[in-house]
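The values are calculated or read from the model by the stated rules, or taken from the named source; none is laboratory data. Note that this is a predicted model, so its numbers are computed, not measured. Because the Cβ atoms are built from the backbone with ideal geometry, glycine has one as well, and the counts that use them run over all protein chains shown.
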Amino acid sequence: MFEGVAGFSGYSFNVAFADSTTTVPGALVSGEFYAALGLRPAVGRLIEAADDRPGAPVVAVVSDRFWERRLQRDPQAIGRAIRLNGVPVTIVGVSSPGFVGANVGSIADITVPVSALPVLNPQGAQLLGPGNFWLRVLARPVHGVTRAQTAARLQVAWRQIWMDVISPTWPTDRRLSFAGGVAILAEVFEQLGIESMRVADGAMREGLLFDLLGRYTDEDARDRTVRSMQERYHVDRVQAERVEQTAVGLLNQVEEQWQLTDPAVELLLRWAAQLHEIGLDVAHSGYHRHGAYLLANADMAGFPREEQKLLSVIVGGHRRKPVLEQADELAPPWDKRAPPMTFLLRLAVLLHRGRSSVALPDIKLSSRSDSLELRFPPGWLDDHPLTVADLQTEIDHLKSVGFRLRVFSAR
């Protein structure tokens with residue numbers, strides 16, 4: 001009936017690096033996961049059935065982007081141990097470039113076998129017992145067999161499956177209806193010509209309704225949400241508008257070089273600027289972190305989860321020493337766009353440090369892949385020594401993350 005069947009579930013790991021410990025998104029997968037997907041390793045090998053057995057050595061496969069960003073594509077990393085939740089785990093391979101997991105909208109930079117759960121989290125061992133349904137299942141039908149035929153065969157086999165696997169505490173009607181649901185879904189695939197379907201963590205219902213309402217009123221529902229949050233958290237809207245206009249002006253000067261021409265980039269940078277001070281309503285100390293938490297966890301009508309994550313990363317990194325590791329948790333291409341968007345917001349906030357209504361001069365910005373150059377009109381920096389001091393601090397902050405900022409005064 002199936003060429004391959006596998007289970008998987010999203011999971012986050014605390015990963016210890018030389019100078020810090022950070023949370024990295026990942027997944028627990030069954031031994032047949034990569035084989036069922038038909039994937040090949042970029043380096044080393046992938047998780048196999050032998051790895052997913054009680055007592056087997058705990059191994060991990062990392063994504064190609066994790067290998068590049070965290071391990072600098074070091075071939076010696078394969079076979080080396082990495083500490084996950086305090087446990088040494090051997091990296092056995094790197095997954096195919098571009099593959100970041102089977103969940104839509106989620107990233108899995110590290111995958112380990114399901115059988116490793118009791119080692120990495122002893123309290124989670126009970127999840128491996130019967131009657132627990134936390135794993136998602138994917139299956140690859142045998143070549144040449146239609147979805148309708150597969151569903152029909154599954155209908156026959158399902159009674160024995162649920163008798164062996166499903167908890168007897170489940171209502172009988174619920175157990176029996178599962179195969180019928182699969183049959184209906186298979187027919188939908190067949191009639192609508194759907195080639196594939198991937199699991200998503202959320203539903204579209206509310207977001208779709210808000211989007212439709214926006215179309216009728218000629219307004220993006222997300223704009224209403226941003227205004228509502230500004231009001232709720234008592235944002236200084238005049239200051240937010242100053243920062244927004246400057247951030248967008250800086251973006252317009254470097255969007256070609258930094259490949260930020262997607263209209264969504266400007267939209268999201270505007271919203272980040274409008275909301276960058278919401279954390280002040282919680283506390284002044286560390287307000288950027290408070291703002292990031294609110295954006296990551298609030299119910300924001302019209303915003304997909306990934307956009308909330310992006311806004312959280314940008315706002316959380318707009319002051320003090322930038323923390324860019326959280327950008328790695330974003331889905332492509334936003335994982336690459338988030339750092340430069342954060343740098344632009346940082347500069348806009350810095351330039352409006354005095355909260356003055358006096359307009360800024362014509363500031364020129366140019367960029368390269370890892371650097372920015374700011375050019376001010378003659379004499380302006382001499383008249384603003386506190387801004388010069390903040391710019392020097394910013395140069396040091398960006399240097400700490402491998403980015404160069406240069407400041408010039410035109411002659």
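With respect to R73, is the statement that it is within 23 Å of the chain's Cα centre (by Cα), surrounded by fewer than 19 Cβ atoms within 10 Å (Cβ to Cβ) and part of a strand (DSSP E or B) true?
Numbers: within 23 Å of the chain's Cα centre (by Cα): yes; surrounded by fewer than 19 Cβ atoms within 10 Å (Cβ to Cβ): yes; part of a strand (DSSP E or B): no.
No, not satisfied.
Checking F66 against (1) in contact with a strand residue (DSSP E or B) (Cβ under 8 Å, 6 or more places away or on another chain); (2) modelled with pLDDT under 95; (3) surrounded by fewer than 21 Cβ atoms within 10 Å (Cβ to Cβ); (4) of a type outside the set (S, T, N, Q), which single condition isn't satisfied?
Just one mismatch for F66, condition (3).
Would you tally the residues in region 281-329 being surrounded by fewer than 22 Cβ atoms within 10 Å (Cβ to Cβ), touching a Ser or Thr at 6+ places or on another chain (Cβ under 8 Å) and in a loop (DSSP other than H, G, I, E, B)?
5
T387 is checked against (1) in a helix (DSSP H, G or I); (2) touching a Ser or Thr at 6+ places or on another chain (Cβ under 7 Å) and fails just one. What number does that condition carry?
Answer for T387: the failing condition is (2).
For residues that are in contact (Cβ under 8 Å) with a residue 24 or more places away in the chain and touching a Pro at 6+ places or on another chain (Cβ under 7 Å), scanning just region 347-389, find the one that is nearest to L269 (Cα to Cα).
F376
Does T90 fit the bill of being under 25 Å from E307 (Cα atoms) and not assigned by TED's automatic domain parsing to the domain that holds A331? Lay out the reasoning, then the answer.
Working: under 25 Å from E307 (Cα atoms): no; not assigned by TED's automatic domain parsing to the domain that holds A331: yes.
Answer is no for this residue.
For region 17-54, how many residues meet the condition of being in contact (Cβ under 8 Å) with a residue 40 or more places away in the chain, of a type in the set (A, V, I, L, M, F, W, C) and either surrounded by fewer than 15 Cβ atoms within 10 Å (Cβ to Cβ) or part of a loop (DSSP other than H, G, I, E, B) (or both)?
The qualifying residues number 5.
Given the conditions (1) under 22 Å from the mean Cα position of the chain (by Cα); (2) in contact (Cβ under 8 Å) with a residue 24 or more places away in the chain; (3) not in a helix (DSSP H, G or I), and given that W67 satisfies all but one, which numbered condition is not satisfied?
In the conditions (1) under 22 Å from the mean Cα position of the chain (by Cα); (2) in contact (Cβ under 8 Å) with a residue 24 or more places away in the chain; (3) not in a helix (DSSP H, G or I), W67 misses (3) alone.
Suppose we filter P339, P332 for residues that are assigned to a helix (DSSP H, G or I), under 16 Å from the mean Cα position of the chain (by Cα), under 27 Å from G402 (Cβ atoms) and not charged (D, E, K, R); which single one remains? Working first, answer last.
On the way: P332 fails: assigned to a helix (DSSP H, G or I).
On inspection, the qualifying residue turns out to be P339.
Identify the single condition in (1) assigned to a loop (DSSP other than H, G, I, E, B); (2) over 25 Å from S20 (Cβ atoms) that S106 does not satisfy, given that it satisfies every other one.
The single condition S106 does not satisfy is (2).
Conditions tested, residue by residue: (1) modelled with pLDDT of 95 or more; (2) more than 18 Å from S366 (Cα to Cα); (3) assigned to a loop (DSSP other than H, G, I, E, B).
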site: E256; (1), (2), (3): no, no, yes
site: A264; (1), (2), (3): no, yes, no
site: L268; (1), (2), (3): yes, yes, no
site: A273; (1), (2), (3): yes, yes, no
